[in-house]
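*Asks:* The structure is given below, and queries will be raised subsequently.
The values are calculated or read from the model by the stated rules, or taken from the named source; none is laboratory data. Here the structure is a predicted model, which is why all the values come from computation and not from measurement. Neighbour counts are summed over all protein chains in view; Cβ atoms, including those assigned to glycine, are modelled from backbone coordinates with ideal geometry. Ligands, DNA and RNA are stripped out before the accessible areas are found, and what is left, the full protein with its side chains, is counted by its heavy atoms. Shrake-Rupley method; radii C 1.70, N 1.55, O 1.52, S 1.80 Å.
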Amino acid sequence: MKLYEYESKTIFKKEGILIPDGYLASSPEEVEKIANNLKKEVAIKAQILATGRGKAGGILFAKNPKEAKQLANKIFSLKIKGFEVEKVLVEERLYPSSELFLGITYDLSQKKPVAISSSLGGIDINEISRKYPEKIFTLPINMAWGMQNYQGKLLAKNMGLKSKIMFKAANIAVKLFNIFSKYDCDLAEINPLILTQDGELIAADAHLELEQEALYRHKELEQLNIPIRKDSPRIPTEFEIEAEKIDKIDHRGVAGRVVEFDGDLGLLIGGGGASLTIFDAVRYHGGKAANYCEIGGNPTVKKVKELTKLILKKPGIKGLAVITNVLNNTRVDLVARGVILAMVELDINPSEYPVLFRSAGAYEEDGYKILRKYGIKYLNRDYSIDQAAKTAVEMISK
Amino acid sequence: MSILIDEKTKVLVQGITGREASLFTKYMIDYDTNVIGGVTPGKGGQTVHRVPVFDCVSDVVKNFGANTSIVSVPPRFAKDAALEAVDANIKLIVIFTERIPKKDVVLILDFAEQKNTKVIGPNSLGIISPGKCKVGAIGGPQNETKKSYMIGPVGIASTSGGMTTEIASLLTNNQIGQSTCISVGGDPIVGMTFRELLPLFEKDIQTKTIVLFCEPGGTQEEDAARYIIEHSYSKPVIAFIGGRFVDEMPGMRFGHAGVIVQKGKGTAKGKVEAFKKAGVLVADTLTQLVDYVKDSLR
Amino acid sequence: MGMFVQIEIDYNKCKNVKNCKICEDVCPVEIFKFEKLDNNRKISVVEENIDECIFCNLCLEKCPQGAITIKKLY
Ligand code: SF4
Ligand code: SF4
């Protein structure tokens with residue numbers, strides 16, 4: 001779960017990392033009032049869950065409250081990467097003598113957390129690593145020990161810091177790691193970490209991403225006013241929202257991971273790696289998918305039925321392909337029942353509708369019996385996923 | 001031969017009284033796997049499919065010499081269960097549980113490394129050495145397992161449990177058997193990855209060809225490719241990458257928690273390139289995969 | 001009756017055991033519902049769930065009266 005900058009900063013403040021003086025506002029009037037109270041030049045920063053707001057005009061500086069209000073008006077009318085700006089953070093403006101980078105994430109290859117520091121802050125870390133790889137310092141950290149002071153010092157030194165300030169930065173690195181560990185983060189980043197002209201180190205920006213799988217053990221987020229939610233890289237379509245509702249009917253099986261596409265072949269496909277393979281196979285043979293929809297973990301007949309109905313009702317659908325891998329625990333017969341029930345409830349004759357079924361594994365004999373009874377064309381394990389996808393594509397292009 | 005598990009494997013099931021664990025315990029026994037005990041804290045003294053249940057892992061190790069454990073407990077208890085197994089000197093731990101927080105996974109792997117314990121998973125469907133032994137839910141019920149898997153020369157390692165069985169079944173249909181098939185787990189961080197399994201397959205005289213089922217996201221494929229180059233790997237490796245379409249949809253997850261392309265990293269395209277550089281054949285379709293395997297065995 | 005499964009309770013047998021609702025307790029897919037229908041009938045078959053039956057036979061094994069019959073309709 002990605003946190004907003006202001007949420008990340010709430011956590012920073014609680015854990016003792018210095019942040020600029022600032023407040024959250026949801027209207028230009030509020031911005032003016034805050035600027036008035038701060039009695040300083042201010043930075044107004046759009047609060048959105050996407051990167052690149054700086055370039056999109058989402059961060060502006062104002063000399064006085066009146067200007068702050070004007071600029072806030074501008075920011076509130078922006079739409080950045082599809083996100084509306086609903087809140088802005090109004091902070092005292094900082095005057096950096098240098099901008100630094102500090103981050104913690106997991107190195108999937110080393111299977112450990114790694115800390116990253118750089119003397120080049122304020123730019124996207126991927127850009128730094130592309131252009132100036134020598135300016136990036138990385139250090140693996142042992143999860144059980146946590147970050148030690150000497151490691152913090154190493155990170156600080158590699159930001160180009162010396163003496164007193166080096167120790168201050170080391171201290172921030174250790175605190176950032178503690179946040180990373182304590183809150184089960186996927187990513188904890190300060191970019192930029194600003195060294196002010198009077199020798200203070202302040203986290204000008206803050207970016208925390210919490211691991212979805214660990215949210216269950218973070219009841220403290222509620223007290224910090226951080227609501228638990230689901231990240232979505234794009235706004236879900238109505239079709240996708242419907243599918244999610246269907247998945248929530250009961251807790252058996254994963255059957256709600258649905259993505260809408262604009263093709264004409266409806267898909268109900270085996271879960272996990274199989275779904276990836278099947279979707280590729282359909283495309284490889286020139287098929288145009290109307291959707292991606294996984295079924296796995298042995299879902300209920302009702303779930304399969306509702307998802308099938310949703311897909312069959314989608315405008316422009318020319319046929320349906322139900323393709324799974326050789327199943328380990330999802331039952332072929334239950335999937336077959338769901339698909340047929342959907343057709344019957346929609347007044348579709350299963351033996352006339354273009355539908356192709358390829359499945360095998362648990363309870364395949366029962367499944368095939370059912371399919372035969374309703375005249376549905378099916379393929380068993382003698383036909384690969386690949387052949388099944390080809391047959392399905394040919395079926396609707398006739 | 002085979003790798004990781006064989007006739008000598010003595011299996012302990014952690015969380016044996018759970019719905020899924022009790023089911024696959026039955027399937028393991030049906031496959032003649034030596035399941036010697038189960039652990040569910042507080043339920044010591046019961047039996048599941050005639051397997052005795054204990055409160056602690058050390059009881060089973062001391063009394064029966066368990067050397068392999070399959071962990072199937074709710075995510076919040078997984079760290080404790082796995083650490084208990086490592087501490088009790090279990091040599092191979094297969095973690096079936098999915099959705100375990102990364103921090104817990106890293107702690108398990110660190111401790112396992114110290115004690116020289118091998119870890120497969122989390123989110124692994126299991127391991128099977130056809131004709132000898134299976135650990136976990138891999139293959140499903142007995143008659144399905146027998147239809148899908150047969151003894152032979154191909155080693156399979158896969159990020160997807162379902163595709164492990166699918167590929168085995170496809171090979172079996174073509175009269176090509178398998179040495180050992182491993183579902184390495186679909187999570188972003190897992191114990192043994194392709195890179196760590198390749199050397200085991202290389203040493204195994206039964207294995208002649210290795211098939212890898214891969215997905216976008218993570219770095220397993222790139223790491224394996226590097227290993228193959230650096231160690232002049234001696235056996236043919238054939239890869240199939242599911243989910244090439246994911247490259248076009250950055251930031252979105254498909255299939256498994258680990259399958260995500262972010263900031264241009266973890267793309268299927270990048271993996272294909274890395275493999276090709278390492279001389280690994282990458283099949284575009286499953287049909288082609290079978291052809292490549294046949295050629296390699298000639 | 002479902003499309004794929006038929007489940008029937010012989011109420012003449014079922015009524016012999018007061019307050020018994022074993023079938024409701026053992027069925028993993030919630031096919032039986034304990035409710036007072038009338039003096040002779042205290043358990044009903046939930047129509048919309050019938051096709052969820054997985055033929056685990058738990059209800060058949062556990063019913064003290066042998067009152068339940070299940071048929072595949074294919
Ligand atoms: S056989 Fe199993 S699923 Fe079917 S009604 Fe009986 S208890 Fe329920
Ligand atoms: S278990 Fe048998 S006797 Fe008991 S309520 Fe159900 S049908 Fe009636």
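*Asks:* What translational diffusion coefficient, in µm²/s and rounded to a whole number, does the Stokes-Einstein relation yield for the stretch A:238-395 at 10 °C and a viscosity of 1.306 mPa s, taking the hydrodynamic radius as the Kirkwood radius over Cα pairs?
*Replies:* 107
*Asks:* Roughly speaking, what is the centre-to-centre gap between the stretch B:102-164 and the stretch A:329-398 when only Cα atoms are used, to the nearest Å?
*Replies:* A separation of 30 Å, based on Cα centres.
*Asks:* How do C:15-22, A:272-279 rank on mean C-beta neighbours within 10 Å, highest first?
*Replies:* A:272-279, C:15-22
*Asks:* To the nearest Å, what is the center-to-center distance of the stretch B:165-195 and the stretch A:49-122, using C-alpha atoms only?
*Replies:* Computed from Cα coordinates, the inter-centre distance equals 44 Å.
*Asks:* Still on this structure, I have one more. For a quick check of understanding: with a 1.4 angstrom probe and all protein chains in place, what accessible area in square angstrom does B:Asp87 have, to the nearest ten?
*Replies:* Here the residue's solvent-accessible area equals roughly 100 Å².
*Asks:* Could you work out how far the C-alpha centroid of the stretch B:12-53 sits from that of the stretch A:153-227, in angstrom?
*Replies:* Rounded to whole Å, the Cα centres lie 45 Å apart.
*Asks:* Based on the alpha carbons, how large is the Rg to Rh ratio for chain B when Rh follows Kirkwood?
*Replies:* 0.96
*Asks:* Sorted by mean Cβ packing within 10 Å, highest first, what order do the peptides A:176-189, C:42-55 take?
*Replies:* The packing order, highest mean first, is A:176-189, C:42-55.
*Asks:* Averaged across orientations, what area in nm² does the convex hull of the alpha carbons in the stretch A:1-126 project?
*Replies:* That works out to 9.0 nm².
*Asks:* Summing -39500 (n - 2.57) over the DSSP H runs of n ≥ 4 in the protein assembly as shown and dividing by its residue number, what mean residue ellipticity at 222 nm do you reach, to the nearest 500 deg cm²/dmol?
*Replies:* Taking each H run of at least 4 residues, the total per residue is -10500 deg cm²/dmol.
*Asks:* Of the heavy-atom accessible surface of chain B (probe 1.4 angstrom), what whole percent is carbon and sulfur?
*Replies:* For chain B, the apolar C and S fraction of the accessible surface comes to 51 percent.
*Asks:* Output wanted: per-residue J couplings in Hz (rounded whole) for the stretch A:357-368, from phi through Karplus 6.51 cos²θ - 1.76 cosθ + 1.60, θ = phi - 60°, x for Gly and Pro.
*Replies:* Going residue by residue, I get 10, 10, 7, 6, x, 3, 6, 5, 4, 4, x, 5 Hz, with x marking Gly and Pro.
*Asks:* Which value, in Å², gives the accessible area per residue of the stretch A:21-92 when a 1.4 Å probe is used on the protein heavy atoms?
*Replies:* For the stretch A:21-92, the per-residue accessible area is 55 Å².
*Asks:* Any idea what the alpha-carbon Rg over 2.2 N^0.38 Å comes to for chain A?
*Replies:* Taking the Cα Rg and dividing by 2.2 N^0.38 Å, one obtains 1.26.
*Asks:* Now a separate question. Ignoring solvent entirely, what values of log10 I(q)/I(0) come out of the Debye formula for the protein assembly as shown at 0.09, 0.10 Å⁻¹ when each Cα is a single scatterer?
*Replies:* Once normalised to I(0) and log-transformed, intensities are -0.93, -1.11.
*Asks:* Going by a ≥ b ≥ c, the root eigenvalues of the Cα gyration tensor, does the stretch A:21-92 fall in the rounded group (a/c under 1.5), the prolate group (a/b larger than b/c) or the oblate group?
*Replies:* Note, shape of the stretch A:21-92 comes out prolate.
*Asks:* Using a basic spin-label model with each label point 7 Å from the Cα along Cα→Cβ, how many nm lie between B:Lys263 and A:Ser397?
*Replies:* For B:Lys263 paired with A:Ser397, the spin-label model returns 4.0 nm.
*Asks:* Three principal axis extents, largest first, for the C-alpha atoms of the stretch A:96-223, in Å?
*Replies:* In descending order, the Cα extents are 42, 34, 26 Å.
*Asks:* How large is the Kirkwood hydrodynamic radius of the stretch A:210-288, counting all unique pairs of alpha carbons, in Å?
*Replies:* 15.4
*Asks:* Let me know the mean shielding of A:108-117 by other chains, meaning the per-residue number of their Cβ atoms within 10 Å of its Cβ.
*Replies:* The per-residue average across the peptide is 5.
*Asks:* Using the Karplus equation 6.51 cos²θ - 1.76 cosθ + 1.60 (θ = phi - 60°), what ³J(HN,Hα) coupling, rounded to whole Hz, does each residue of the stretch A:262-270 give in order, writing x for Gly and Pro?
*Replies:* Along the stretch A:262-270, the couplings run 9, x, 10, 9, x, 10, 10, 10, x Hz.
*Asks:* Also, I was wondering about something else. What nm distance separates the two modelled labels at A:Asp347 and B:Arg226, each placed 7 Å from Cα along Cα→Cβ?
*Replies:* 6.2
*Asks:* Please list, short to long, the whole-number percent of alpha-carbon pairs of the stretch B:113-176 in consecutive 5 angstrom bins beginning at zero.
*Replies:* 4, 16, 30, 24, 14, 6, 4, 2, 0
*Asks:* Can you compute 3J(HN,Hα) from phi for each residue in the stretch B:180-190, using the Karplus curve 6.51 cos²θ - 1.76 cosθ + 1.60 with θ = phi - 60°, rounded to whole Hz and x for Gly and Pro?
*Replies:* Residue by residue, the stretch B:180-190 yields 9, 10, 10, 8, 6, x, x, 7, x, 10, 10 Hz.
*Asks:* Per residue, how big is the convex hull around the C-alpha atoms of the stretch C:5-72? Give it to me in cubic angstrom, could you?
*Replies:* Normalising the Cα hull of the stretch C:5-72 by residue number yields 75 Å³.
*Asks:* B:Lys132: net charge of surrounding residues, Cβ under 15 Å, Lys/Arg +1, Asp/Glu -1, itself excluded?
*Replies:* Taking every other residue near B:Lys132 into account, the sum is -1.
*Asks:* Please compute, over every Cα-Cα pair in the stretch B:161-201, the percentage with a separation greater than 12 angstrom.
*Replies:* More than 12 Å apart: 63 percent of the Cα pairs in the stretch B:161-201.
*Asks:* Given a 1.4 angstrom probe, what's the average accessible area per residue across the stretch A:254-376, in square angstrom?
*Replies:* 29
*Asks:* Determine the total buried accessible area between chain A and chain C, counting protein heavy atoms only with a 1.4 Å probe; round to the nearest 100 Å².
*Replies:* 1300
*Asks:* How crowded by other chains is B:168-174, given as the mean number of beta carbons from other chains within 10 Å of each beta carbon?
*Replies:* For this peptide, the per-residue mean of nearby foreign Cβ atoms is 3.
*Asks:* Per residue, how much accessible area does the stretch C:5-72 show when a 1.4 Å probe rolls over the protein heavy atoms, in square angstrom?
*Replies:* 60
*Asks:* Further question on the same structure: Could you sort C:Cys56, B:Cys133 by accessible area so the largest value comes first, with the probe set to 1.4 Å?
*Replies:* Result, largest first: C:Cys56, B:Cys133.
*Asks:* Still on this structure: With a 1.4 Å probe on protein heavy atoms only, work out how much accessible surface B and A bury together, total over both chains, in Å² to the nearest 100.
*Replies:* 4600
*Asks:* Shielding of A:191-200 by partners, i.e. mean partner chain Cβ atoms within 10 Å per residue?
*Replies:* 0
*Asks:* Also, I was wondering about something else. With a 10 Å radius around each residue's Cβ, average the other Cβ atoms per peptide and rank A:91-102, A:315-326, highest first.
*Replies:* A:315-326, A:91-102
*Asks:* Here's another thing I want to ask about it. Please report, in whole Å, how far the alpha carbons of the stretch B:2-110 spread along each principal axis, starting with the longest.
*Replies:* Ordered largest first, the stretch B:2-110 gives principal extents of 35, 33, 25 Å.
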